[in-house]
Amino acid sequence: MKNINEIINLPISVLVFSAEWCKPCKILKPIVEELSDELKDKIPIIKLDVDENSDIAAQLGVRNVPTILFFKNGEVVDKMVGANTKSNLESKINSLI
């Protein structure tokens, strides 16, 4: 994986913060993996464990999991907290592309 700053500063990127102990994260995990696979040529979707990346989570103001941050040109342009549907995530990502 690239340096996290390189990912954030891409024209468009998505960071997904989750944790192994989080039940909503377990629900979201297959959705994120599917979208990541489907959109791999269009947009990077990076999954980070909040416990292993607490410094990054703190820098970005992540207080709950799952949290999905949507970046455009290095700026957070939107955020989703909690489990969500594939169609909602796909719609949000497509609005960035």
Aspartates and glutamates within cross-link reach of K72: Cα-Cα under 13 Å, excluding same-chain residues under 8 positions apart?
E6
Once both labels are modelled 7 Å past Cα along the beta-carbon direction, what's the D41-V76 spacing in nm?
3.2 nm
In the stretch 27-61, which residues have a backbone nitrogen under 18 Å from the label point lying 7 Å from E90's Cα in the Cα-to-Cβ direction?
28-45
Of K40, K86, K23, the most mobile residue in a GNM of the chain (C-alpha springs, cutoff 10 Å) is K40
How far apart, in nm, are the 7 Å Cα→Cβ label points at N64 and N9?
3.2 nm
For the stretch 30-46 versus the stretch 1-29, the gap between their alpha-carbon centres in whole angstrom
11 Å
Hey, if you put +1 on the Cβ of every Lys and Arg and -1 on every Asp and Glu Cβ in the chain, which of S87, I8, P44 ends up farthest toward the positive end of that dipole?
S87
Per-residue ³J(HN,Hα) for the stretch 44-49, Karplus 6.51 cos²θ - 1.76 cosθ + 1.60, θ = phi - 60°, Hz, x for Gly and Pro
x, 10, 9, 9, 10, 7
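None of the figures in this text is laboratory data; all of them are computed from the coordinates on show. Just so it is clear, the structure is predicted and the values come from calculations on it, not from any experiment. Here Cβ is always computed from backbone atoms with ideal geometry, including for glycine, and neighbour counts include all displayed protein chains.
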